[in-house]
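Beneath this line is the structure, given in structure tokens, with notes to follow.
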Amino acid sequence: MNVLHPPFVHFVIALPLAALFSQLTYVATGDKTYSKAAIRIIAFALLVSFFAVFSGIIDAGEITKNHAILKNGLLVLSNHKIFGFVVVAILLVTTLVKWFAISKDSMSMEKLSILLIILSIAASLYQGNHGGSLVYKYAAGIDNKIVQNRVLEEKGK
């Protein structure tokens with residue numbers, strides 16, 4: 001099975017961490033270069049998140065079509081899909097607030113950006129945890145032979 005989703009989601013998780021470091025450096029030093037870097041990084045995370053959601057929808061369709069997931073994982077997959085849109089919304093709000101902070105040269109908005117970036121990180125890590133459980137606990141996207149063996153193992157318990 002060809003999966004597109006994982007390469008994109010790693011960027012959605014890692015980029016907000018880099019943006020947080022840049023934003024904290026800006027607040028500590030007052031050097032605008034770090035603030036401008038933070039908006040570019042978080043905006044790139046937002047862009048990549050669109051690809052992550054789109055590829056996730058495609059991969060989820062393939063997974064459910066090929067029955068390459070344990071039955072109990074379907075609810076987790078559905079919730080994972082919905083929360084993906086929440087992560088994109090958080091990144092969008094974070095990007096807009098950060099852009100507004102730079103445009104208005106507002107230190108209070110810059111500090112709010114820190115909280116929103118932390119929220120973005122938390123949401124991405126939560127989402128990533130569920131994505132990992134889909135693969136490792138519910139065999140999402142794993143070859144059907146392996147899934148069938150796990151189903152037989154579950155029935156034997």
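The values are calculated or read from the model by the stated rules, or taken from the named source; none is laboratory data. This one's a predicted model, so the numbers in the text were calculated from it and none came from an experiment. Every residue, glycine among them, receives a Cβ derived from its backbone with ideal geometry; neighbour counts consider all protein chains shown.
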Name every residue in region 69-98 that is surrounded by fewer than 20 Cβ atoms within 10 Å (Cβ to Cβ) and among the small types (Gly, Ala, Ser), in order of residue number.
SER78, ALA89
Take VAL27 and tell me if it is in a helix (DSSP H, G or I) and either touching a strand residue (DSSP E or B) at 6+ places or on another chain (Cβ under 8 Å) or closer than 17 Å to LYS81 by Cα (or both).
no
Among the listed residues SER103, SER124, SER108, SER120, identify the single one that is in contact with a Ser or Thr (Cβ under 7 Å, 6 or more places away or on another chain), among the polar types (S, T, N, Q) and modelled with pLDDT of 95 or more.
SER120
Those residues of region 48-68 which are out of contact with any Gly (no Cβ under 8 Å at 6 or more places or on another chain) and farther than 14 Å from HIS5 by Cα, in sequence order:
THR64, LYS65, ASN66, HIS67
Can SER55 be described as part of a helix (DSSP H, G or I), in contact (Cβ under 8 Å) with a residue 40 or more places away in the chain, surrounded by 14 or more Cβ atoms within 10 Å (Cβ to Cβ) and not hydrophobic (A, V, I, L, M, F, W, C)?
yes
Residue by residue through region 15-49, note down the ones that are exposed (fewer than 15 other Cβ atoms within 10 Å of the Cβ) and among the small types (Gly, Ala, Ser).
ALA28, GLY30
